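Everything on this sheet refers to the single structure shown next.
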Amino acid sequence: MMIKARARGVCDPFSAPRAAFDKVVLWLGGDETPRTEAELEKALGAHGAELLRLLLQARLDVLLERERAELPAKKLARGTVVRVRTRRIETEFGRVLDRRHGITEPGAHAATFPLDAELNLPPGIYSYPLCERVADEARRGAWDQVVKQVNSRTAGHVPKRQAEQVAVEATQDFEAYYEQRPPSGND
């Protein structure tokens, strides 16, 4: 079996993260870096979050291409509509775009998104790790403080009202987990 190599450049989803990494390395070797370790650490953290966001985006793009390549092999009913759909996901690294195939079978009222299911994506805009961070911060303080901490410790952003809703949903998930869990001998 012959495998064709993909040329780097526009077709390579990892070209942007590579360029961002190279830019950070050049910045670190240059004269524009902060002078104190604390300032350098904070600035490098911001650059790092952007690099991680770009890597996450590249991985999502790779998965979209794989899904596209696998579609012809799937047995889809005649009249099935397949379209690429885009949604935003706010993560701890910042916002990424989830481009995925929506498959609408004849007579169905809504599309299914196999890649979303495979990735176990949340139904809303906020990633599960970001929701976990919000819920964890909510245990510690007031909502304004929750938003401030999430904004300062991640590259994601969750406004106050949405943070409140995320925490409420996390509590419901927690309660549902314990309601459906079989009783153990220790309870």
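The values are calculated or read from the model by the stated rules, or taken from the named source; none is laboratory data. Predicted model, so just to flag it, every value in this text is computed and none were measured. A quick note on method: Cβ atoms are made from the backbone with ideal geometry, for glycine too, and the neighbour counts reach across all protein chains shown. Remember, those area values only see protein heavy atoms, side chains included, never the ligands or the DNA or RNA. Shrake-Rupley method; radii C 1.70, N 1.55, O 1.52, S 1.80 Å.
Please find the FRET efficiency linking R161 to R87, where r is the Cβ-Cβ separation and R0 is fixed at 25 Å, and quote it to the nearest 0.05.
Taking R0 as 25 Å, the efficiency between R161 and R87 is 0.80.
Could you state the accessible area per residue of the stretch 32-169 in Å², with a 1.4 Å probe and every protein chain left in place?
On the way: 8560 Å² over 138 residues.
Computed with neighbouring chains in place, this is 62 Å² per residue.
Treat each spin label as a single point 7 Å out from the Cα along the C-beta direction, and report the C11 to R35 distance in nm.
Label-label distance for C11 and R35, simple model: 5.0 nm.
If I stretch the segment between L71 and I125 completely, what's the gain in nm (0.36 nm per residue apart, minus their alpha carbon distance), one decimal?
Result: 16.9 nm gained on full extension.
Given (i) 8, 24, 27, 25, 12, 4, 0; (ii) 8, 25, 24, 16, 12, 7, 3, 2, 1, 0; (iii) 8, 34, 32, 17, 6, 1, 0, which label gives P(r) over Cα pairs in 10 Å bins from 0, in percent as computed from the coordinates?
(i)
If a/c stays under 1.5 just call it rounded; otherwise compare a/b with b/c (prolate if a/b is bigger, oblate if not). Do that for the stretch 1-106, with a ≥ b ≥ c from the square roots of the Cα gyration tensor eigenvalues.
oblate
Using a 1.4 Å probe over the heavy atoms of the protein chains, calculate the carbon and sulfur portion of the accessible area of the stretch 75-116 as a whole percent.
Carbon and sulfur together cover 53 percent of it.
Please report, in debye to the nearest 20, how large the charge dipole of the stretch 25-121 is about its Cα centre when each Lys and Arg carries +1 at its beta carbon and each Asp and Glu carries -1 there. Provide the component values of the computation, followed by the final result.
Values: 16 positive and 16 negative charges, 169 e Å.
Here the stretch 25-121 has a charge dipole of around 820 debye.
Let me confirm the definition first: pairs of Lys residues in the stretch 2-117, 8 or more apart or on different chains, C-alpha distance under 30 Å. How many are there?
4
Normalised by the number of residues in the chain, what is the relative contact order in percent for Cα pairs under 8 Å and 6+ residues apart?
Normalised by residue count, the contact order of the chain is 15 percent.
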